[in-house]
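The values are calculated or read from the model by the stated rules, or taken from the named source; none is laboratory data. Note that the coordinates shown come from a computational prediction; the quantities given were computed from them, not determined experimentally. Here the Cβ positions follow ideal geometry from the backbone for every residue, glycine too, while neighbour counts run over all protein chains shown. These accessible areas exclude ligands, DNA and RNA; they are computed on the full protein's heavy atoms, side chains included. Shrake-Rupley method; radii C 1.70, N 1.55, O 1.52, S 1.80 Å.
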Amino acid sequence: MNTISTSKAPGAIGPYSQGYEANGFVFTSGQIAIDPETGKIADGISAQTEQCCKNIGAILEAADCGYENVVKTTCFLADMGDFSVFNEIYAKYFTSKPARSCVAVKELPKGVLCEIEAIAVKQGASAK
């Protein structure tokens with residue numbers, strides 16, 4: 001197992017890793033809309049979704065993967081009323097349409113509006 005770490009995504013704000021690689025799979029921790037360069041949180045659901053996707057992408061890149069390697073995402077929304085806007089932005093990144101769960105939660109860390117985590121299969125590995 002290998003820990004995945006990159007300065008291109010926000011550092012962990014708790015006792016966990018940005019991601020892990022094991023048996024050909026890459027597991028990302030949930031990513032919220034923190035800009036890793038400024039430490040600031042984007043405003044609004046569109047900007048927050050964009051930043052979450054970029055943070056996931058940076059972790060995937062650090063693991064020599066890309067969005068096309070993602071087989072499953074779990075998405076959390078603070079307000080299901082943001083679902084359609086979230087989907088519009090999410091679809092620009094996850095064009096391979098991985099399996100997904102999307103749920104509304106009472107509250108997310110730092111008061112953000114969304115969070116995304118992903119599971120990817122490394123190039124050359126098989127999910128079979």
- Message: Can you give me the angle between helix 83-93 and the longest principal axis of the chain, using Cα atoms only, in degrees from 0 to 90, rounded to the nearest 10?
- Response: 40 degrees
- For the chain, cysteines with no other Cys Cβ under 4.7 Å from their own Cβ are listed as Cys52, Cys53, Cys65, Cys114
- Query: Residues of segment 46-113: accessible area per residue at 1.4 Å, in Å²?
  - Reply: 49 Å²
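Would you work out the charge dipole size for segment 1-117 about its Cα centre, treating the Cβ of every Lys and Arg as +1 and the Cβ of every Asp and Glu as -1, and quote it to the nearest 20 debye?
Details: 9 positive and 14 negative charges, 31 e Å.
Dipole of segment 1-117, to the nearest 20 debye: 140 debye.
What 222 nm value per residue comes from the helices of the chain, counting each DSSP H run with n ≥ 4 as -39,500 (n - 2.57) and dividing by all residues, nearest 500 deg cm²/dmol?
Details: 2 runs with 30 residues, N = 128.
Only helices count here, giving -7500 deg cm²/dmol.
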- Item | Under-5 Å amide H pairs with Arg100, H placed in peptide plane, nonlocal only | Thr73
- Of all accessible surface on the chain at a 1.4 Å probe, what whole percent is carbon and sulfur? 50 percent
- What does the charge count near Glu21 come to, summing +1 for each Lys or Arg and -1 for each Asp or Glu among other residues with Cβ under 10 Å from its Cβ? 0
- Item | Note, ³J(HN,Hα) from phi for segment 63-69, Karplus 6.51, -1.76, 1.60, rounded to Hz, x at Gly and Pro | 9, 6, 10, x, 4, 5, 8
- Task: Express the relative contact order of segment 1-86 as a whole percentage, based on alpha carbon pairs under 8 Å and six or more residues apart in sequence.
- Result: 28 percent
